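The structure appears below as structure tokens.
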Amino acid sequence: MKLQPLVMVGIVVGALSGCLADTASEKIDASSAEKEESSAEVADLSSSENDGDSQGSQSVNSSSAKESSQGEDSSMDEVVSSNTEESSSEAVMESSVVETSSVAIESSAEVMSSSEEVVVSSEAVMSSTASEPGAPLGSLTFTVNVIDQNKGFSPRHIIAAWIETENGDFVKTLAALASKRKQYLYTWNSATGADVTDAITGATTTTWGEMSVDWDCTGVDGAGVAEGNYVLRVEYTTEHAQGPMVDVPFAVGGSSETLSPSDEQYYTNMELVYTAN
């Protein structure tokens, strides 16, 4: 009789175990069904994605084809544009070459014209230099020993020295010592008009012997005389009559030189020193 409670417990436990087993089996079956449904949904989703990928790929391919076509068209346009630009550049270069050549020709013509003007100007300057006075070309010193002719109012005498061109044109008086009796220097008065511009002047002198005069190779206007041949002339007198004279020819514009003319009756130890500038 004491074993019945234990038996009843065993029966209850067995029943409970069976119920628990059934419940676990149902849960397992439900979980399996959910897994199958999930797998099916995954498969459907995968299929849908594959379809989308296929459509996307086709769209991409179509877009790529269009872009390729557009790229080729654009490349063709660029080639045409490049050819047009090259043609335009060649035309511009040809135009530039023509314009540059024209400018160069005109410039050359102007240079030639300018050169001709320079030549003409140079010739004019040379001609002007040869014919017109300018800066002094040199300087001159003349010394002479003057001898008394022992006539008239000697030892008093009047004396003058001046420059003429080789053609007899008056240039300048260098000295004129004859304040009261200068009218008796006939040749000097006739040649110079008694012009004593820049000259050494003074009264009748009683001093004989060496006389010295200088010339800066300028005329009465102060400008340098032109290159050429000139004559230094000296005249003195001790009476109311024409007195003795001496002429010493020389050149201006050449190289420096010293001349020693031969002695004359009333003029000795003459020396003319020309110094070129």
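The values are calculated or read from the model by the stated rules, or taken from the named source; none is laboratory data. From a predicted model like this one, the values you see are computed outputs, not experimental measurements. We place every Cβ from the backbone using ideal geometry, glycine too, and count neighbours over all the protein chains shown.
Report yes if some residue within region 234-251 is at pLDDT 95 or above and farther than 29 Å from TYR184 by Cβ; otherwise report no.
The answer is yes; a qualifying residue exists.
Mind listing just one residue for me: the one in region 235-262 that is exposed (fewer than 14 other Cβ atoms within 10 Å of the Cβ) and charged (D, E, K, R) and, of those, nearest to THR173 (Cα to Cα)?
ASP247
How many residues does region 187-230 hold that are part of a helix (DSSP H, G or I) and surrounded by 14 or more Cβ atoms within 10 Å (Cβ to Cβ)? First the steps, then the outcome.
Initially, region 187-230 is screened for residues part of a helix (DSSP H, G or I), giving 187-192.
Now narrow it down to the ones that are surrounded by 14 or more Cβ atoms within 10 Å (Cβ to Cβ): 187-189, 191-192.
The qualifying residues number 5.
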